[in-house]
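**Q** Below is one structure. I have some questions about it.
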Amino acid sequence: FDPRHYVGTPCYGFPKTGPHRLRFLLESVKDLRETLKKKGSTLVVRKGKPEDVVRDLITQLGSVSAVVFHEEVREI
């Protein structure tokens, strides 16, 4: 979870993610983790800037051959 997604917008200060959407996201992640565990896998969940969190995970894991990500499209 990137903390920057939960602060106000630059123009008007409206929250990017309100309490209802946040609850939905948390419940969805919890459900996904439980589903993966039933299939013998897991889900790593971290809070922080992705550029820091991913670097730390790669260092922690030690043998990473690829990193794949999705970049959010931003309005101009």
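The values are calculated or read from the model by the stated rules, or taken from the named source; none is laboratory data. These numbers were taken from a predicted model, which means no experiment stands behind them. Every residue, glycine as well, gets a Cβ built from its backbone with ideal geometry; the counts of neighbours run over all protein chains shown. All accessible areas refer to the heavy atoms of the entire protein, side chains included, with ligands and DNA or RNA removed. Shrake-Rupley method; radii C 1.70, N 1.55, O 1.52, S 1.80 Å.
**Q** Which percent of the accessible area of the chain is formed by carbon and sulfur heavy atoms (probe 1.4 angstrom)? Present the calculation step by step, with values, prior to reporting the outcome.
**A** Numbers: 4130 of 7140 Å².
Within the chain, the accessible surface is 58 percent carbon and sulfur.
**Q** Further question on the same structure: Please work out the average accessible area per residue across the chain, using the 1.4 Å probe convention, and give it in Å².
**A** 94
**Q** Rounded, prolate or oblate: which one fits the chain, using the alpha carbon gyration tensor with axes a ≥ b ≥ c (rounded when a/c is under 1.5, else prolate when a/b beats b/c, else oblate)?
**A** oblate
**Q** Relative contact order for the chain: what is it in percent, counting Cα pairs under 8 Å that are at least 6 residues apart?
**A** Relative contact order here is 30 percent.
**Q** Next question, about the same structure. Highest mean first, what order results for 2-11, 58-67 on Cβ atoms within 10 Å?
**A** Final packing ranking: 2-11, 58-67.
**Q** I've got another one for you. By a straight-distance test (C-alpha under 14 Å), which aspartates and glutamates pair with Lys39 as possible cross-link partners, with residues fewer than eight away in the same chain excluded?
**A** Asp31
**Q** Spelling out what I want: for every residue of the stretch 17-32, take phi, set θ = phi - 60°, compute 6.51 cos²θ - 1.76 cosθ + 1.60 (Karplus), and round to whole Hz; glycine and proline get x.
**A** Couplings: 10, x, x, 6, 5, 4, 4, 4, 4, 4, 5, 5, 5, 4, 5, 4 Hz.
**Q** Straight-line reach from Lys49: which lysines fall under 23 Å, measuring Cα to Cα and dropping same-chain residues less than 8 apart?
**A** Lys16, Lys30
**Q** For the stretch 6-42, list residues with backbone N below 16 Å from a point placed 7 Å from the Cα of Ser65 toward its Cβ?
**A** Flagged as within label range: none.
**Q** Hey, can you grab everything whose amide H is under 5 Å from the amide H of Asp2? Only 5+ residues off in sequence or another chain; H modelled, so Pro and N-termini drop out.
**A** So Asp2 has HN proximity to Gly48.
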